[in-house]
Amino acid sequence: YGGDISKGLENVPVCIEKGLCEEGLPKFQYTPENVQGVGCDVDPSEVTLPGCSCRSASCVPSSCPCLRFGLAYTEGCFLEQREDSGASYSQPVFECNVLCVCGESCQSRVVQSGLQTRLCVFRTENRGWGVVTLEAIGRGRFVCEYAGEVIGFEEARRRQLSQTPEDKNYIIAVQEHGGLQGLGVTFVDPAFMGNVGRFLNHSCNPNLIMMPVRVHSVVPRLALFSSRDIEPGEELTFDYSGGHTEKRVGAGDLQRKVCLCAEQNCTGFLPLDISVL
């Protein structure tokens, strides 16, 4: 393993499998965080959320406005009752931000600390590129973001409809419900600008779960947490559909991509976001 495809933009190098060169990777611009794309009205890099005035070492839900929807983490791990809510994201997750008085040690600062785990991009046998972890990851730990261009509905629709069956679909649509006015769908496309998350493969039995987390901006960051203990050398995967049951579409209506995860519960096809079609 060697190199660093992030070019120093992450806390730890994102290496590439030994014997492979970065020139063989798809052409894209590396960005550790979301960037504003076509149809996105808010720049994700702008601070648009208020901060708290908590003077304690670590904020508590009873007094911190950032935690008004409850505590999301304990000792850096995602709380299981949050995880069990599945893809409905019934309670939005907010972290303390740059405007908050609390310190860097606050338990409500996890995703904003960035990549902490050594990851490696490798070539799979039949699924293109993939990502393995080079170190053990405990259950509930933040692993990485799925970062890229945040785009609007019409742009997401245009990009998806212009794809051929051979094209890799990077667009992830995260649907949020309840708990906060204005929650809706966030479209992230790391095809042209993205981070290591763009190389993660889908699995019908994944070891990562995606949760939208808001730090400094109303635009959520698509954070990936481990859903179980993960051993060094294991491939990292998540469910591209977020666990949603898809609407049934006639086989002749759309060109579906075959799923090659080989899990016992495999649905046979990669998820397709019907909401933009």
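Nothing in this text is a laboratory measurement; each read-out follows from the coordinates by a stated rule. Values in this document were obtained by computation on a predicted structure and should not be read as measured data. Neighbour counts are summed over all protein chains in view; Cβ atoms, including those assigned to glycine, are modelled from backbone coordinates with ideal geometry.
Here is how the numbers come out for the structure above:
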{"read-out": "For the chain, alpha-carbon Rg and Dmax in angstrom", "value": "18.4, 60"}
{"read-out": "Length-normalised contact order for the chain - Cα pairs under 8 Å, 6+ apart - percent", "value": "22"}
{"read-out": "Fraction of antiparallel bridges per DSSP, the chain only, in percent to nearest 5", "value": "70"}
{"read-out": "Pair residue 99, residue 135: separation of 7 Å Cα→Cβ label points (nm)", "value": "3.4"}
{"read-out": "Neighbour net charge for residue 22 - beta-carbon separation under 13 angstrom, K R +1, D E -1", "value": "+1"}
{"read-out": "Ranked list, fewest to most other Cβ atoms within 10 Å of each Cβ, for 40, 102, 266", "value": "266, 40, 102"}
{"read-out": "Estimated [θ] at 222 nm from DSSP helical runs (n ≥ 4, -39500 (n - 2.57)) normalised by residues in the chain, nearest 500", "value": "-1000 deg cm²/dmol"}
